[in-house]
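Notes follow the structure.
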Amino acid sequence: MDFLRPETLAEALELKAQRPDAVPIAGGTDVMVELNYDHRRPSALLDLTRVPELQQWSDGLRIGAGVPYVRIIDELGAELPGLAMASRTVGSPQIRNRGTVGGNLGAASPAGDTHPVLLASGAVIEVASVRGTRMIPAAEFYLGVKRNALEPDELIVAVHLTPAKGPQQFSKVGTRNAMVIAVCSFGISLFPEENRVGAAVGSAAPTPRRAHEAEQFLASALDFKNPKPLLDSVKREFGELVSRAASPIDDVRGSAAYRKHALAVMARRTLGWAWQELVDGERACA
Amino acid sequence: MRVNVTVNSEQRQADDVWEGESLLFVLRERLGLPGSKNACEQGECGSCTVYLDNVPVCACLVAAGQVQDREVRTVEGLADGDTLDPVQEAFVEAGAVQCGFCTPGLVVQAHDLLDRVPNPSDPEIREALAGNLCRCTGYEKILDAVRLAASRR
Ligand SMILES: Cc1cc2nc3c(=O)[nH]c(=O)nc-3n(C[C@H](O)[C@H](O)[C@H](O)COP(=O)(O)OP(=O)(O)OC[C@H]3O[C@@H](n4cnc5c(N)ncnc54)[C@H](O)[C@@H]3O)c2cc1C
Ligand code: FES
Ligand code: FES
């Protein structure tokens with residue numbers, strides 16, 4: 001096995017082009033488990049922790065693939081409340097100190113916690129190779145169970161997200177508060193100025209996915225200009241449509257029926273919290 | 001491969017390191033530092049917690065090559081000679097140690113918490129220690145130890 005240690009992004013892309021078989025390693029919280037348990041024996045590891053371009057973000061926001069969860073929680077919570085909420089539920093403090101959004105995207109597990117948020121808030125994934133850069137909308141990034149849109153010579157460079165323009169929420173069902181893989185999860189983003197809603201489910205289909213019908217229903221049912229307390233019928237219908245967007249399986253973590261039920265509950269609740277934030281905000285301004 | 005790394009303020013060198021090896025293996029098997037424990041090798045138990053550039057991480061999830069020229073501090077590096085760190089002392093006094101297997105990881109994690117949050121609330125302590133499993137104590141004495149250490153700093 002070779003251990004490749006690029007110190008710039010250009011060098012990393014060069015190495016990945018020469019060695020498409022090399023497995024990138026960032027926080028290592030997925031890769032090392034596979035190595036320790038002999039589930040994977042790559043011919044090379046490509047260490048990305050020394051590539052400065054991946055460890056930073058700019059105001060816009062373009063977040064380097066190698067920024068660990070702890071920094072998103074501590075330093076970006078105001079601009080990206082949804083991503084910070086999802087990050088806070090990942091693993092344990094030690095995992096959040098090391099694990100990255102780039103790694104979550106690289107692993108592309110249907111249960112990855114950042115995915116519903118990235119989908120609901122319209123994130124764009126910047127990937128690059130020596131051939132050039134591609135901007136891939138999150139909705140086109142997840143191709144199958146643990147499969148993403150990366151070509152063998154490409155690396156994930158950054159995630160592009162605009163600072164939240166309205167309330168965002170994330171919710172996850174698990175057996176305890178720490179250290180759980182999601183049984184299912186849900187993210188919602190409201191865009192009041194655009195009369196738009198983003199909603200996506202995790203761990204409830206072969207890939208994380210958006211709930212298009214639920215988004216459209218809600219956008220037409222909500223009066224963003226004049227936020228009044230929500231009708232129960234709106235919440236119920238939204239929950240129903242979110243649940244219908246999922247095609248979960250029965251597995252050790254939960255049954256398909258349970259997941260569908262839980263998604264409807266999470267969708268209703270998170271909508272309630274997000275909407276309340278808007279109603280309260282309106283009142284504070286008045 | 002060869003790995004050069006600062007461990008507990010000493011420049012160390014490990015040879016014949018396999019490229020897929022973990023920092024935990026390097027510490028225990030190559031550098032003679034068995035304080036950090038190996039229980040799960042999948043980040044679930046926290047018994048291998050060490051500081052890497054002052055940030056607590058699971059040593060079992062760090063690739064050996066990733067620590068080249070970096071700084072690691074293990075539980076062996078907390079005491080000052082024979083004088084225990086206040087966190088270690090509090091663990092002993094509060095009866096937070098039974099078999100002791102989880103202790104090194106918990107001590108490092110609690111040490112980091114108290115560095116960042118000198119007077120943590122109970123929820124803050126629980127949150128900070130959520131990635132450290134103990135099969136013996138039932139955690140109450142561990143919480144006592146962290147409170148005791150906080151009161152003495
Ligand atoms: C104990 C434990 C608990 C966990 N809990 C959760 C949880 O609650 N929620 C959750 O979502 N996940 C969880 N995980 C999984 C893991 O922590 C996350 O997926 C994390 O985001 C991975 O990031 P990393 O930087 O450690 O990735 P790595 O392990 O370094 O890499 C993961 C994958 O992405 C690829 N990769 C990494 N960076 C890039 C890049 N820049 N370009 C291309 N490919 C790249 C790697 O080749 C690999 O395939 C947990 C893991 C452990 C060990
Ligand atoms: S041995 Fe590293 S977390 Fe369990
Ligand atoms: S004292 Fe035995 S595992 Fe904690």
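The values are calculated or read from the model by the stated rules, or taken from the named source; none is laboratory data. Given the structure is predicted, the values throughout are model-derived calculations rather than measurements. Because the Cβ atoms are built from the backbone with ideal geometry, glycine has one as well, and the counts that use them run over all protein chains shown. With ligands, DNA and RNA removed, areas are computed over all heavy atoms of the protein, side chains included. Shrake-Rupley method; radii C 1.70, N 1.55, O 1.52, S 1.80 Å.
So, B:ARG12, is that one of a type in the set (Lys, Arg), touching a Leu at 6+ places or on another chain (Cβ under 8 Å) and not assigned by TED's automatic domain parsing to the domain that holds B:THR103 or not? Judged against the criteria, B:ARG12 is a match. Within 16 Å of ligand 2 (Cβ to nearest atom), outside the structural domain of B:ARG30 (by TED's automatic domain parsing) and assigned to a helix (DSSP H, G or I) - does that describe any residue in the range B:128-149? Yes, some residue in the range B:128-149 is within 16 Å of ligand 2 (Cβ to nearest atom), outside the structural domain of B:ARG30 (by TED's automatic domain parsing) and assigned to a helix (DSSP H, G or I).
Per the listing A:GLY112, A:GLY82, the residue uniquely near ligand 1 (Cβ under 8 Å from one of its atoms) and open to solvent by less than 10 Å² (accessible area, probe 1.4 Å) is A:GLY112. Summed over the range A:1-27, residues that are at the interface with chain B (Cβ under 7 Å from one of its Cβ atoms), closer than 22 Å to A:ARG131 by Cα and either in a loop (DSSP other than H, G, I, E, B) or free of Cβ contacts under 8 Å to residues at least 12 places away in the same chain (or both) total 1.
Please go through the range A:233-255 and give me each residue that is open to solvent by 60 Å² or more (accessible area, probe 1.4 Å) and modelled with pLDDT of 95 or more, ordered by number. Within the range A:233-255, A:SER233, A:ARG236, A:GLU237, A:GLU240, A:ARG244 qualify. Among the residues making up the range A:28-61, those that are touching a strand residue (DSSP E or B) at 6+ places or on another chain (Cβ under 9 Å) and in a loop (DSSP other than H, G, I, E, B) are A:GLY28, A:THR29, A:ARG40, A:PRO42, A:SER43, A:LEU48, A:THR49, A:VAL51, A:GLN56, A:GLY60, A:LEU61. B:GLU41 - would you say it is at positive phi, more than 11 Å from the chain's Cα centre (by Cα) and among the acidic types (Asp, Glu)? For B:GLU41, the condition - at positive phi, more than 11 Å from the chain's Cα centre (by Cα) and among the acidic types (Asp, Glu) - is met. All of (1) within 14 Å of chain B (Cβ to nearest Cβ); (2) more than 30 Å from B:VAL108 (Cβ to Cβ) hold for A:ASP30 with one exception: (2).
Among the numbered conditions (1) without any contact (Cβ under 8 Å) to a residue 40 or more places away in the chain; (2) over 15 Å from B:GLU44 (Cα atoms); (3) crowded, with 16+ Cβ neighbours inside 10 Å, the only one that B:CYS134 does not meet is (2).
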